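The values are calculated or read from the model by the stated rules, or taken from the named source; none is laboratory data. Keep in mind that this is a model prediction, so the values were computed, not measured. Virtual Cβ from ideal backbone geometry, glycine too; neighbours counted across all protein chains shown.
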Amino acid sequence: MCIIKSNYLPIEESDKLNITYNTENKTFHLQNNNISYVMKIIKDGYIVHLYWGKRVNQYNESNPIAFYDRGFSPNPDPDDRTFSLDTIPCEYPTYGNGDFRTPAYQIELENGSRVTDVRYKEHRIYDGKPKLDGLPSTYVENDLEAKTLEIDMEDKLIGLTITLTYTIFKDFDVISRSVSFKNNGKENLKLEKALSASVDFREKDFELITLYGAHTNEKNIARRPIISGIQMIESCRGASSPQQSPFLALVRKNTDEDNGEVYSFNFVYSGNFVGQVQVDQYCNTRVNIGINDFDFSWLLESGERFQTPEVIMTYSSKGLNEMSRTYHKLYSTRLCRGEFRDKHRPILINNWEATFFDFNADKIEDIAKIGKELGMELFVLDDGWFGKRSDDKSSLGDWIVDRNKLSKGLDDLVNRITNIGLEFGIWFEPEMISEDSDLYRTHPDWCLRVPNRIPTVGRNQLVLDLSRKEICDYVIAAISNILSNPLITYVKWDMNRHLTDIWSSSLPAIRQKETAHRYILGLYYILEELTLKFPKVLFESCSSGGGRFDAGMLYYMPQTWTSDNTDAVCRMKIQYGTSFVYPPITMGAHVSAVPNNQVGRITPLETRAHVAMSGNFGYELDLTKITEKEKELIKEQIKVYKEIRNIVQFGDFYRILSPFECNETAWNIVSEDKEEFVGMYFKILSEPGTAIKILKFKGLNPDYYYENIDTKDVYGGDELMNVGITLTREKKDFISKLWRFKKI
Ligand code: DGJ
C-alpha cells in the first residue's frame with residue numbers, strides 16, 4: 001500500500017466564502033461559513049473527490065486516498081498496479097479506461113469508439129455565478145454572493161474540452177454544479193450521456209430518500225438503506241413527472257427532521273432525468289444525476305458546445321428541515337425571478353372544480369362577485385374558454401375565445417371581473433394540440449409524431465413539437481395576443497400529458513435522440529420570451545397538478561399548482577413531501593367542495609382551509625352554491641390568511657409531525673425575524689385511549705416571549721420549543737388547529 005500525503009501548507013483564513021487552489025498539493029477547496037468541498041488533481045491530471053461536508057478551516061489531507069493493487073481493477077500506468085480509476089473517488093467519472101462503475105458521461109467517436117481520456121488542463125476561479133444559456137439556473141444579484149470554479153479537462157487526442165463548473169454561495173450551504181462539452185477537434189462527437197454532477201463518497205453508511213408518486217398522489221417520501229449495486233430514479237416521460245422527482249438525498253441512519261447529516265441533489269430541469277446511487281465492490285457510494293441517457297444523444301459537431309442543466313447540492317448537519325430551508329431560501333430568492341418573487345401572492349378563486357367546462361359569462365361573474373365579497377383578490381378562468389371546447393376532446397391550440405360560451409368576448413368578461421374589483425387570470429395549455437382544432441387542420445405536422453405511424457393520444461391530445469422554433473414562435477404569438485389585454489395579470493400554464501412518439505421532422509436521423517431535450521429547450525425559450533414580455537403577469541405552472549413541479553419551471557413561474565387532489569387529508573402528505581424541496585409560497589393550495597372530487601371524502605371547511613393556508617392560498621368551488629354560514633367562515637379564513645400571509649409566504653417552514661408516519665401532521669412557519677409564527681396541527685382520524693398530545697414548536701427565538709393572538713396566553717420561545725403545548729382531546733375526525741403567536 002502506498003499513501004500520497006501532502007505537505008502541511010497553511011491556507012489563508014477565509015472570510016466566509018472562499019475557493020482556493022493549493023499549487024503545492026494541487027487541491028481545490030471550496031468553503032463558506034458552514035461547508036467545505038475538496039478535490040485534488042492526482043497523477044497525470046485525474047481529478048478526485050476528497051471531501052464534502054461541514055466546513056474545515058484548512059484541509060491538509062488527513063484522509064488521503066489509499067492506493068492498493070486490487071484484482072480486476074485495470075491500471076492506466078503499467079508501472080503502477082496500485083493506481084486504478086476503478087477504485088478511486090472520481091470527480092467526473094469516465095468510461096473505457098478502468099472505472100467499471102456508472103460513468104457521468106459517454107461519447108461515441110466517428111470510428112465507433114466510446115473511450116475518452118480527459119485530464120486536467122486549467123482552471124479559473126472568479127466571483128459570481130455564470131448564467132446558463134437557454135437553461136434555468138440559480139443566480140446572484142451581486143458577484144460577492146458566490147464564487148465559481150471552472151475546471152477544464154481535455155482529451156488531447158480528439159480535441160474535447162469538458163468544463164466542470166462549481167459555484168459555492170456565501171449565504172446558502174449549497175454547491176451548484178454543471179458541465180459543458182466543447183468539441184475543439186475536427187471529427188463529430190456524439191454525446192451518449194452527459195450528466196450534470198457525480199460525487200464519490202468513500203463509504204456506504206447511508207440511507208436514500210427520494211420523492212415518488214402519481215397523478216393526484218404526488219411527492220410521497222421513500223426512505224431505504226442503500227445496498228450493493230445501483231438504485232435508480234428516473235423519468236423518461238418528457239417531463240420531470242409526478243412518478244419520480246429529480247431529487248435524492250443520502251442521509252445517515254439516525255438522520256431525522258432535526259438531526260443528522262444530509263447530502264442532497266436536486267436537478268434544475270423539467271424533462272427526462274436520471275439519478276443513481278451505486279454502491280461498488282469496495283463499499284464506496286457514487287451518486288450521479290442529470291439528463292436521462294435513456295433515449296438521449298447529442299451530436300457535437302466541430303466547434304459546438306453542449307451545456308448541461310445544473311444540480312443544486314446541499315449539505316446539512318442538522319437534518320432534513322435544515323436541508324429544506326436551504327432549498328426554500330435559495331429557490332425563493334435566487335431561482336424564482338420577476339416582480340412576484342418578493343410580492344405577496346393573491347388569494348384566488350378558480351372556476352375549474354366549480355364549473356368544469358360548463359360556464360358562461362354570467363355564471364363566472366356570479367362566482368367572482370361572491371369571491372370579492374368574501375375578500376378574494378384574483379379570479380382565474382380555467383379550461384374551456386377557447387375554440388369550441390365543451391370537453392377535453394377539442395380545441396387545444398386555438399387560443400381564440402369561444403363566443404358560444406362568452407358571447408361578448410373575452411375582453412368583456414375581463415372588464416366585468418375587474419370592475420367587480422378582482423384581478424383576472426386565465427388558463428392555457430400552450431404545449432398541446434387537439435386533433436379537432438383549426439391549428440391541427442392547418443398544421444397536422446406540428447405535433448410530435450413518427451412518419452407513417454398513428455401518434456398515441458393522452459387526454460385526447462397530442463404534443464406540439466417544441467424542438468421547432470417556428471412552432472415555439474407560434475405559441476408565443478398566440479399567448480401574447482391574449483395577454484395584450486393589460487387587465488389580464490395571471491396565467492395558469494397547464495400540461496396534461498407526457499411525451500410519446502418522440503420524433504421531429506426538423507432533425508436528421510442522427511439527431512432524433514435530441515428531440516426530448518430540444519423540446520425542453522424550446523419550452524424554456526417560450527417561457528423566457530413570455531415572462532420578459534409580460535413582467536406584470538404572475539405565471540403559475542401546472543401539469544395536471546404537480547406533474548412538473550420542479551426547480552426548472554420555478555425559474556420562469558414562481559408558483560405551481562401542487563396537485564389536482566384537493567382533499568385535505570391527501571394534501572397533508574402531498575404538501576409535506578413537496579416541502580422537502582419547495583417553499584410554501586410556490587405551492588398552490590385551494591379549498592374545494594365536499595365530498596371531495598378526487599377521493600369523495602367529507603372534511604370540515606376549517607380543516608380544508610388550514611391545509612390550504614399552509615401554502616399559496618385559494619378557493620376552487622362554486623361560491624353560488626355555498627351557505628351563508630360557509631360564507632362567514634370563508635370570509636374569516638381569508639381575513640386570517642391576509643394576516644399570516646407574510647409569514648406563510650416569506651417565513652421559515654419547519655415540519656413537526658409527518659403524515660407518513662402517524663395519524664397526525666404538524667408544521668410551523670416562523671417569520672424571518674422570528675417575531676411571529678403560525679402553527680398548524682391536524683389529526684386525521686379520532687382515536688380512543690391514546691396519549692394526550694403535547695406539541696413542540698420549532699425554530700423560535702428561545703429568548704423571546706410570544707403571545708397567542710387569540711387566547712392572549714404568553715410563553716417563552718424556549719418553553720414552546722422544549723416543553724410544548726398540550727392539545728385537548730376531541731372526539732371527531734379531521735381535527736385541525738391553527739395558532740398565531742407574536743413576540744411581546
Ligand atoms: C389539470 C389542472 O391541474 C386542473 O387544475 C385544471 O386546470 C384542468 N387541467 C383543466 O383541464
- Residue pairs meeting the criteria (Cβ under 7 Å; at least 6 apart or on separate chains; first within 30 Å of L499 (Cβ to Cβ), in the stretch 243-271; second basic (K, R) and not in a loop (DSSP other than H, G, I, E, B)): S245/K219
- Task: Keeping to the stretch 535-566, report how many residues are within 15 Å of the ligand (Cβ to nearest atom) and part of a loop (DSSP other than H, G, I, E, B).
- Result: 10
- Can you name the number of the only condition in (1) at negative phi; (2) at pLDDT 95 or above; (3) among the hydrophobic types (A, V, I, L, M, F, W, C) that F734 fails? (1)
- For the stretch 428-459, name all the residues that are among the polar types (S, T, N, Q) and either without any contact (Cβ under 8 Å) to a residue 12 or more places away in the chain or at positive phi (or both). T442, N452
- Note on the structure: All-but-one check, T167 against (1) in a strand (DSSP E or B); (2) over 24 Å from the mean Cα position of the chain (by Cα), failing number (2)
- Message: List the residue pairs whose Cβ atoms are under 6 Å apart, where the first residue sits in the stretch 109-138 and is at positive phi, the second is buried (at least 16 other Cβ atoms within 10 Å of the Cβ) and assigned to a loop (DSSP other than H, G, I, E, B), and the two are 6 or more positions apart or on different chains.
- Response: G128/V140
- Could you check F294 against (1) within 16 Å of the ligand (Cβ to nearest atom); (2) aromatic (F, W, Y); (3) at negative phi and say which number it fails? (1)
- Item | Residue list for the stretch 671-697, restricted to those being among the β-branched types (V, I, T) and under 14 Å from G724 (Cβ atoms) | I692, I694
- State yes or no: is F379 surrounded by 17 or more Cβ atoms within 10 Å (Cβ to Cβ), within 23 Å of D473 (Cα to Cα) and either of a type in the set (F, W, Y) or within 15 Å of the ligand (Cβ to nearest atom) (or both)? no
- Query: Is the stretch 567-577 home to any residue that is within 23 Å of K536 (Cβ to Cβ) and not in a strand (DSSP E or B)?
  - Reply: no
- Query: Going by the structure shown, is I370 more than 16 Å from the ligand (Cβ to nearest atom) and over 24 Å from R548 (Cα atoms)?
  - Reply: yes
- Query: Hey, does the stretch 710-725 have a residue that's among the acidic types (D, E), surrounded by 14 or more Cβ atoms within 10 Å (Cβ to Cβ), under 28 Å from the mean Cα position of the chain (by Cα) and not in a loop (DSSP other than H, G, I, E, B)?
  - Reply: no
- Item | Residues that are under 19 Å from F306 (Cα atoms) and not charged (D, E, K, R), drawn from the stretch 124-137 | P130, L132, G134, L135, P136, S137
- Query: Does I669 fit the bill of being touching a residue at least 60 places away in the same chain (Cβ under 8 Å) and either away from the ligand (no atom under 16 Å from the Cβ) or surrounded by 14 or more Cβ atoms within 10 Å (Cβ to Cβ) (or both)?
  - Reply: yes
- Item | Number of positions in the stretch 466-500 that are more than 24 Å from the chain's Cα centre (by Cα) and assigned to a loop (DSSP other than H, G, I, E, B) | 5
- Item | Lone unmet requirement of (1) crowded, with 24+ Cβ neighbours inside 10 Å; (2) within 16 Å of the ligand (Cβ to nearest atom) for G577 | (2)
- Message: Looking only at the stretch 417-459, how many residues end up being out of contact with any Lys or Arg (no Cβ under 9 Å at 6 or more places or on another chain), assigned to a helix (DSSP H, G or I) and either within 15 Å of the ligand (Cβ to nearest atom) or not aliphatic (A, V, I, L, M) (or both)?
- Response: 8
- Would you check which residues across the stretch 630-666 are buried (at least 23 other Cβ atoms within 10 Å of the Cβ), in contact with a Leu (Cβ under 6 Å, 6 or more places away or on another chain) and outside any helix (DSSP H, G or I) and list them? T665, A666
- Query: How about the stretch 382-397: which of its residues are within 12 Å of the ligand (Cβ to nearest atom) and touching a helix residue (DSSP H, G or I) at 6+ places or on another chain (Cβ under 9 Å)?
  - Reply: D382, D383, G384, W385, F386, S395, L396
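A quick yes/no check of all residues on (1) farther than 29 Å from E514 by Cα; (2) of a type outside the set (V, I, T):
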site	(1), (2)
S407	yes, yes
R416	yes, yes
N419	yes, yes
E431	no, yes
Y440	no, yes
V457	no, no
- Task: Evaluate the following for G275: is it assigned to a loop (DSSP other than H, G, I, E, B) and either at pLDDT below 95 or under 19 Å from the mean Cα position of the chain (by Cα) (or both)?
- Result: no
- Quick check: is even one residue across the stretch 522-534 at pLDDT 95 or above and either within 16 Å of the ligand (Cβ to nearest atom) or small (G, A, S) (or both)? yes
- Task: Test L462 against the criterion of being more than 14 Å from the ligand (Cβ to nearest atom), within 29 Å of Q598 (Cβ to Cβ), among the hydrophobic types (A, V, I, L, M, F, W, C) and touching a residue at least 60 places away in the same chain (Cβ under 8 Å), and give yes or no.
- Result: no
- Query: Would a scan of the stretch 616-632 turn up a residue that is away from the ligand (no atom under 16 Å from the Cβ) and within 17 Å of V678 (Cβ to Cβ)?
  - Reply: no
- So which residues in the stretch 330-368 are among the small types (G, A, S) and part of a helix (DSSP H, G or I), if there are any at all? S332, A354, A361, A368
- Message: With the requirement that a residue be more than 16 Å from the ligand (Cβ to nearest atom), closer than 13 Å to F359 by Cβ and not aliphatic (A, V, I, L, M), what does the stretch 398-415 give you?
- Response: N404, S407
